[in-house]
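Here the structure is laid out as structure tokens; the discussion comes afterwards.
The values are calculated or read from the model by the stated rules, or taken from the named source; none is laboratory data. Please read all numbers here as calculations on a predicted model, not as lab measurements. Glycine also receives a Cβ, built like all others from the backbone with ideal geometry; neighbour counts cover every protein chain displayed. Remember, those area values only see protein heavy atoms, side chains included, never the ligands or the DNA or RNA. Shrake-Rupley method; radii C 1.70, N 1.55, O 1.52, S 1.80 Å.
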Amino acid sequence: MKKKEIRKNIHVLPCVDWHRRLFDALIPLPDGTSYNAYLVRGNEKTALIDAADPVMAGELMSQLSDVEKIDYIISNHAEQDHSGLIPVVAAKYPQAEVIASVKGRGMLADHLAISENRIRAVQDGETIGLGGRTLKFVYTPWVHWPETMTTYLVEEKILFSCDFFGSHLAASGVFVADEGAVCEAAKRYYAEIMMPFRQIIAGNLEKLKALEIEIIAPSHGPLSRRPAFIMDAYRDWVSGPPRNLAVIPFISMHGSTARMVNFLAGELAGKGVAVQPFDLAVTDIGKLAIALVDAATIVIGTPTVHVGPHPVVSYAAGLANALRPKAKFASVIGSYGWSSKAVETIAGLIPNLKVEILKPVMCKGLPRESDFAALSALAENIAAKHGELKLK
Ligand code: FEO
């Protein structure tokens with residue numbers, strides 16, 4: 001890709017990773033991703049905001065081939081997908097000063113072996129002038145890591161937000177073309193890396209209200225000319241109440257648990273509760289993460305393997321525990337051959353979830369009439385609990 005001018009003397013340097021399918025060896029990327037660097041020229045100085053992943057060295061450096069001078073290399077976030085190429089850029093521009101938050105300075109030294117002598121730590125709210133243009137650094141911690149900050153270009157009202165408001169979405173266009181598609185990708189990204197810190201994210205959103213923003217320029221995915229659409233979505237994800245939604249991540253080996261899940265899903269739907277079952281044997285775990293942003297209830301479905309839950313279910317429970325969704329209720333359903341401690345084991349895997357545990361339903365072998373009656377009662381209980389909270 002070639003760099004593209006978004007305002008006079010402000011360019012995005014898009015490094016589009018069309019075919020990447022996994023991030024951090026954990027997060028599925030069904031639509032690829034991009035790493036956006038930005039070049040901002042003032043009358044006197046030039047700044048590069050963020051860099052790109054080391055796999056994109058050729059792509060980024062070719063877009064910098066006609067750039068003679070960079071004075072500042074801004075690292076909004078020390079993670080390798082944005083700062084991994086800073087050592088390469090810094091070597092090409094030996095006079096350039098690397099700028100990071102106070103925590104970012106240490107993290108760049110730790111993770112990328114950049115000498116701290118080369119890095120200037122800026123305080124929250126500090127500014128740097130480029131000549132007719134001003135970069136203001138706004139600390140926005142935990143929009144992935146603790147050191148993260150955003151950079152606001154005061155005169156142009158552009159917020160360079162790095163992971164914040166970003167989306168793993170490879171695209172040839174620079175700006176958002178389909179808000180729905182971007183919103184889903186951004187929600188997936190929020191769920192996977194920011195949801196556990198949503199109270200801090202809420203504070204960051206509040207802090208950004210002080211800025212007039214015309215363009216949000218993230219370092220993943222398309223730029224937004226209508227910041228309200230993505231900022232309002234974030235407010236809902238972070239601070240809104242859970243929805244009248246039950247998610248059922250499950251595994252079934254011989255069909256008993258699947259029958260129970262299908263029956264429970266039908267009962268819930270019949271009682272007006274939205275329901276999303278996820279067969280963990282085949283599901284995109286990112287879809288489950290998206291659903292966890294909104295779900296009021298999580299029902300985990302598992303057969304019994306060596307007395308405990310299926311290992312894939314244990315993995316999903318551990319992931320949900322790490323993501324700390326805002327669910328209010330949880331339960332377990334499933335099956336066993338002769339004995340089971342699956343319920344106790346799962347309960348021990350989700351201590352971070354501040355949920356009321358609703359009566360589990362475990363059946364021996366095939367589910368029978370009494371088991372289906374218990375599932376009906378569970379659905380009734382879930383619907384009543386959601387009703388008490390007036391969830392929509
Ligand atoms: Fe896109 Fe946390 O890096």
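Things worth noting here:
- Within region 231-273, tally of residues that are in contact with a Lys or Arg (Cβ under 6 Å, 6 or more places away or on another chain) and of a type in the set (Val, Ile, Thr): 1
- Lys187 meets the conditions (1) at negative phi; (2) open to solvent by 10 Å² or more (accessible area, probe 1.4 Å); (3) more than 16 Å from the ligand (Cβ to nearest atom) in every case but one. The failed one is (3).
- Asp66 vs. criteria farther than 16 Å from Ala217 by Cβ, open to solvent by 10 Å² or more (accessible area, probe 1.4 Å) and within 12 Å of the ligand (Cβ to nearest atom): no
- Phe160 passes every criterion in (1) in a strand (DSSP E or B); (2) within 16 Å of the ligand (Cβ to nearest atom); (3) over 23 Å from Asp17 (Cβ atoms) apart from (3).
- Residue check, Val247 open to solvent by less than 50 Å² (accessible area, probe 1.4 Å) and assigned to a strand (DSSP E or B): yes
- Selected residue (criterion: farthest from Ser331 (Cα to Cα)) from residues of region 222-244 that are out of contact with any Asp or Glu (no Cβ under 9 Å at 6 or more places or on another chain) and open to solvent by less than 10 Å² (accessible area, probe 1.4 Å): Leu223
- Scan of region 37-85 for residues that are of a type in the set (Asp, Glu) and in contact with a strand residue (DSSP E or B) (Cβ under 7 Å, 6 or more places away or on another chain), ordered by number: Asp50, Asp53, Glu59, Asp71, Asp81
- Some residue of region 204-220 being over 25 Å from Val174 (Cβ atoms), touching a residue at least 40 places away in the same chain (Cβ under 8 Å) and either open to solvent by less than 60 Å² (accessible area, probe 1.4 Å) or not small (Gly, Ala, Ser) (or both): yes
- In region 135-156, the residues that are at negative phi form Cβ pairs under 7 Å with partners that are among the polar types (S, T, N, Q) and open to solvent by 20 Å² or more (accessible area, probe 1.4 Å), at six or more places apart or across chains, as follows: Leu135/Thr127; Lys136/Thr127; Val154/Thr134; Glu155/Thr134.
- Residues of region 209-229 that are aliphatic (A, V, I, L, M) and either within 16 Å of the ligand (Cβ to nearest atom) or part of a loop (DSSP other than H, G, I, E, B) (or both): Ala210, Leu211, Ile213, Ile216, Ala217, Leu223.
- Verdict on Lys354 being under 19 Å from Lys271 (Cα atoms) and basic (Lys, Arg): no
- Some residue of region 83-99 being under 30 Å from Tyr315 (Cβ atoms) and within 13 Å of the ligand (Cβ to nearest atom): yes
- Any hit, region 18-33, residues being part of a strand (DSSP E or B), without any contact (Cβ under 8 Å) to a residue 40 or more places away in the chain and within 12 Å of Phe160 (Cα to Cα): no
- The residues listed here are Val88, Val55, Val40; of these, the one that is at pLDDT 95 or above and open to solvent by less than 60 Å² (accessible area, probe 1.4 Å) is Val40.
- Where strands (runs of 3 or more DSSP E) fall wholly inside region 64-129, the ranges with 1 or more residues that are touching a Pro at 6+ places or on another chain (Cβ under 9 Å) are 97-101.
Quick grid of which residues meet (1) within 13 Å of the ligand (Cβ to nearest atom); (2) open to solvent by less than 10 Å² (accessible area, probe 1.4 Å):
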position: Gly125; (1), (2): no, no
position: Phe137; (1), (2): no, yes
position: Thr140; (1), (2): yes, yes
position: Glu156; (1), (2): no, no
